[in-house]
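Note sheet for the following structure.
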Amino acid sequence: MSRGAAPWRAVLRIARRDAARSRGRTALIAVMVGLPVLAAVVIVVLLRSSTPGDALFTRLMVGEVTQARLSYHCPAAIVQDVRQSVGCSYDESRVQDPTLAEIEDDVRAVLGDDAGLVRLDGRRALLTTTDRSSRAGYGEVDLLGPVGGVFEPVVGDLPARAGEVLISSWLAEDLGVGVGEELGLRAVGEPEQRVRVTGMLHPFVEGPDVLALPGTLLPTAAQDVDLAPLAAQWGVEWWVTGTDPVTWDHVVALNDLGLLVRSRAVLADPPPRSAMPLHTDGELVQGGTSARTALLVAAVVGAGLLEAVLIVGPAFAVGARRSSRELALLAAHGGDRRDLRRLVLWNGVVIGLGASVVAAVLGVGAGAALVTWLPVGAGAFPNLVVPWLEILGLIALGTGIAAAAAWLPAHRACRVDVVAALSGRRAEAAPHHGVPVVGLVLLGIGTAAAVSGALRAQSGFAVAGVLLLLVGMVATSGAVVTLLGRVARWAPTALRFALRDTARQRGRTAPAVAAVIAAVAGATAGLVFLTSSDHHDRLTWAPIAAEGTVHIAVHPDELDDVDRAGLVARAGAAFEDVAPLATSAVVRILTVAEPDPASMSLSVWAERPVEAMCPVWLLERQATQQELADAQDDPRCEPGGSVLSSNPYSVGFGSVLVDDGTVVRTLGLPEAGEAAAALAGGAVLVNDAAALWADGTVHLTFSVYDMDGSGDPHEEELVLPGHVVGARGSLYGVVLPMGAWERLETLDLVPVEAGVVGTTTEPLARDTLEAATQAVADAIGPVASGVEVESPWVTGQDVTMLVVVAVAVVLGLAATWIAVGLAAAESRADLATLAAVGASPRTRRTVAGAQAGAIAGTGVVLGAVAGLLLGAVFVLVRRGQGFSADPTWQVVLPWAEVASVVIGLPALAVGAAMLLTRSRLPLSLRGSA
Amino acid sequence: MTTLGPVLLRLAQVTRTHGHGELTVHALRSVDLEVRVGELVAVMGPSGSGKSTLLNIAGGLDSPTSGTVSLADAQLSGLDLKARARLRRRSVGYVFQDFNLIPALTAAENVSLPRELDGVSTRPARVEALAALADVGIAELADRFPDELSGGQQQRVAIARALVGPRRLVLADEPTGALDSVTGEDVMRVLRARVDAGAAGLLVTHEARFAAWADRTVFLRDGVVVDSTGPRPDVEALLTLDPA
Ligand SMILES: Nc1ncnc2c1ncn2[C@@H]1O[C@H](COP(=O)(O)OP(=O)(O)OP(=O)(O)O)[C@@H](O)[C@H]1O
Ligand SMILES: [Mg+2]
């Protein structure tokens, strides 16, 4: 029989007023729930505001009148949502290589002949003022037509004639120019020209940094040129004009041509998710989020939520126990169990909702303030977007956490023994005897699932296991406390009293222990993951040179006069003017010779002998699950040898080095002497031992291909004596001896200067290094340069670890404090009796201390165990995330930090409880409402 | 004294034992008791004699080990937890020595609580509550919170709540225990008046002075009814004679 809404209202009223009356506890819960909500709301607001909202996005993409913007993205079909490309699906059979005319015809075939197309042609360009220079994308498009609306300047005007340009605010800042000033502009392959800046682009408009009218600089592109090389330069885009909207069906059809489409009609009225083919037959090459990563995130978030619930829980348990008389009274006047349960549950909802709403309001305020007041410029936010739906979700989440935390106390509360509560007898709802058993079972299943899931890289399993494990640990904690009560028989009076009391009052202690478990488990898991991740970083840390070695690299590109030898000499000299080098050597890398080095790229790799190759690589088909599983345990399948690419315009030191031994010797890693001698003797250096064939040779493949991916690569093989080095830096993947390339018959390769390496007699001071870096930049500007000093391995986790430990200790202490505070209030009578029979204040302090110690100690030990397991599972899941298990992910246990939590937290809790007891006792004589 | 109405509460052969084996405590043994409309029955006896147990069983908060309790024509033993809660909402009200009122609710809200729990919506429940408060003479205190009321006023609110709406039976466990004697008399006067106005009451007290307000007194010792007096005449007259 339903009693309608009236009982709800009555119970809600009590819950609301209770929340207002017990301010301390309410505030504590509110802060615990509210802070994460606040942080999350600020983050969503900032995230959402960092990209243009729908209205702004539409204006920046298609302006006021055009129908759509088409951008050529890849030579095959792409997959997109309404705003951006999700990936390019390289289906070999469908790779297209159209010309400009062909793609425009294809577009018209999709959109109809009435659709007008306005094209933007782009190039990379060098912009110069008298004292500065910068590289940027340059585009020409008819800005006087409909497309002008897209590039509406925020300052100044649109260009009115050839020789006038719009520039981005980023470029304006970089060059230090404003509206009305002049620039030198040189696009790839074109002569330099003076242009005048007429206006500044919106900082969030997509496209080149410099825009001008057609005919300013670029010749009209012939309609029969291949699209791919054009697109590789800066990109080719079109705007669709006319009156017919571009529909989602059009978008999908255009995607097939490799075009990304931003349509006014589609942005205004997005298609249902089901209409978006986010996955096609081809392989999704980029952008797709891996399900495994999603699961790992789910595990962390799930465990975090569970922790939040466990940590907030005791505050409600305490509240419910404190108001047990009130609950009994409600029962005496006809409230049934449902009403009692609701009272406690609503208490949680009221506090959770209140805290979440306040936090959300504050968060929106803080986010809005940040978005509005952050300085305008490159880092500014385009607009303020308040994502109400997501914020509502976060409010619901906060409320949900509080409600979930109140759920168990609520169920306990409704079983209150009314008569006992009213007569002042301590009414302890009988603990479920099944709970610890269920807990143990959960613990077992959880651990098994987590570990096996982690080992077999089945994140879903691991995640479920992790959560079960935590729940199981919490459920078992009560039994452990009871056990403590049993062994108390042999303890001295104060301790015995405290342990007995702790065990008897499980309704009070269990939630506190659970909270300590949660806090400590979270912290320990975090510590394990951080330490292991640090270890992983250290294992994958591959120095390419001895500590302190100086690298000076020059990066000329197609816009620069390429007298590399001169550049390198000037750079080296400029450096030495500031910081003399003890030894130095010129670095040379191998590259494609003329005529057109800009568009050709070279790759070199060492082929392993067949027996050293991973079987999966040799398959001419998709590997089966079983084969993939076998491969995971096969050492041959571990990622080893590197492919080294060399493009003269993108050289760092990750390129194919050619060396007579001096560079390697100067780099000075262990065994550099032997390596240098081997190079001098005509051997090639490799760092993949498996690449060395039985006869001591290395089989190198040289591959030259078009940068834009069109055309077939041209390959040739070369067999040279090999020398394996231990250095794992990719620089050492292949180092060629002098003259080796001359033996290639079909490829025309030459070494070019790329920089200087050197050593100094003593470590460089920071400002000396800065001065030297500046000197190099000045000496060869506008050519880009990079100066680096090989630095020692540093761990980046110290501060994070400290924060994790601190948070765990604070949360753990808070939980213990709640429980011990309540214990003090409840055992007041017992303590008074103790005092009456002659126990000293010291005894009372000892009792309080022992209670705190029992709670904190139990929680800390169980929490640490759970946390070590959790952390290990996370590390193992991470290890198995790639195709094959990554052996550099190893479980490393941070014993020192874990010990500091395990010992420190209970010690602090005991100390605090003992210190506070003396001043607490008289206070606690005032009722316990 | 007016003529008595129908039987509202009937306990027949009620026994209540706690624990078992050597630790067995017989809180009540074969107790028979009837309370009629218009009747106020006092229960007296030494500490531990089973007075509170009797009251708790009468209201369905506790269940007898054997015997039957019928309340307003319903057999308590045949009812589940929910139905008993319903009975408490509609038919019986408790008044305890202290901790009587929910501190988070005003006087009126405390009184209307059983009605709202029963599904009466806020406004009519408040009307009933105000009427009940007026009956006990403190209508003007309706919107005060318990900690803004004196002990006597709090007990009046409790009595109002015990008899709000359709409720006709008050079970009062030492309602005067925490009050000074003058205030205690005050509370008894209100209780008496409300019973005379058509309710029934079962009152546990240690003091004969307060028992004197009852129509009859039942004496308990070790869980057994050992004596029972008839109705007393004109208590007010006796009071004025009393020099103390
Ligand atoms: N939960 C219980 N467990 C064990 N014994 C109980 C329990 N509740 C009551 N008793 C016992 O039952 C007996 C009657 O208790 P009851 O509370 O009814 O006495 P009382 O007459 O109300 O006493 P007082 O005047 O002190 O309030 C006592 O002996 C008491 O010890
Ligand atoms: Mg009693």
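Values quoted throughout were computed directly from the atomic coordinates according to the rules given, and no laboratory measurement underlies them. Every value quoted in this text rests on a predicted model; they were computed, and no experiment measured them. Don't worry about glycine lacking a Cβ; one is built from the backbone with ideal geometry, like all the others, and counts go over all protein chains shown.
Things to note:
- Neighbour net charge for residue B:173 - beta-carbon separation under 13 angstrom, K R +1, D E -1: -2
- For chain B, hydrophobic long helices are taken as DSSP H runs at least 15 Å long by C-alpha position along their axis with mean Kyte-Doolittle hydropathy of 1.6 or more; none is present.
- Over all other residues within a Cβ to Cβ distance under 9 Å of residue A:410, the charged ones net out to +3, with Lys and Arg as +1 and Asp and Glu as -1.
- Residues whose amide H comes within less than 5 Å of that of residue B:201, counting only those at least five positions distant or on another chain, are B:39, B:40, B:41, B:170 (H built at 1.01 Å from N in the peptide plane).
- Chain B - mean residue ellipticity at 222 nm from DSSP helices (-39,500 (n - 2.57) per run, n ≥ 4, rounded to 500): -10000 deg cm²/dmol
- Relative contact order for the stretch B:28-87: 21 percent, from Cα pairs under 8 Å spaced at least 6 residues apart, divided by residue count.
- Here the 3J(HN,Hα) profile of the stretch A:669-683, calculated from phi with Karplus coefficients 6.51, -1.76 and 1.60 at θ = phi - 60°, is 6, x, 6, 4, x, 4, 4, 4, 4, 4, 4, 4, x, x, 8 Hz, Gly and Pro shown as x.
- When the charge dipole of the protein assembly as shown is built from unit charges on Cβ atoms (+1 for Lys and Arg, -1 for Asp and Glu) and taken about the Cα centre, the candidate among B:133, A:794, A:515 whose Cα reaches farthest toward its positive end is B:133.
- What the phi angles of the stretch A:696-701 give under the Karplus curve with 6.51, -1.76 and 1.60, with θ = phi - 60°, is a coupling list of x, 9, 10, 9, 9, 10 Hz, glycine and proline written as x.
- Proximity of backbone amide H atoms, modeled 1.01 Å from N, is registered between residue A:385 and A:49 at under 5 Å, excluding neighbours fewer than 5 places apart on the same chain.
- Fluctuation leader among B:162, B:200, B:134 - chain B, Gaussian network, Cα springs under 10 angstrom: B:134
- Student exercise, the stretch A:435-592 dipole from Lys, Arg, Asp, Glu Cβ charges, in Debye to nearest 20: 2040 debye
- Amide H to amide H distances under 5 Å link residue A:542 with no residue, where only residues 5 or more positions off or on other chains count and H is placed in the peptide plane.
- Proximal charge balance of residue A:702 [Cβ under 9 Å; K/R count +1, D/E count -1]: -3
- The protein assembly as shown shape via C-alpha gyration tensor axes, a/c threshold 1.5: prolate
- If you take the alpha carbon atoms of the stretch B:7-239 and fit the smallest convex hull around them, that volume is 124 Å³ per residue.
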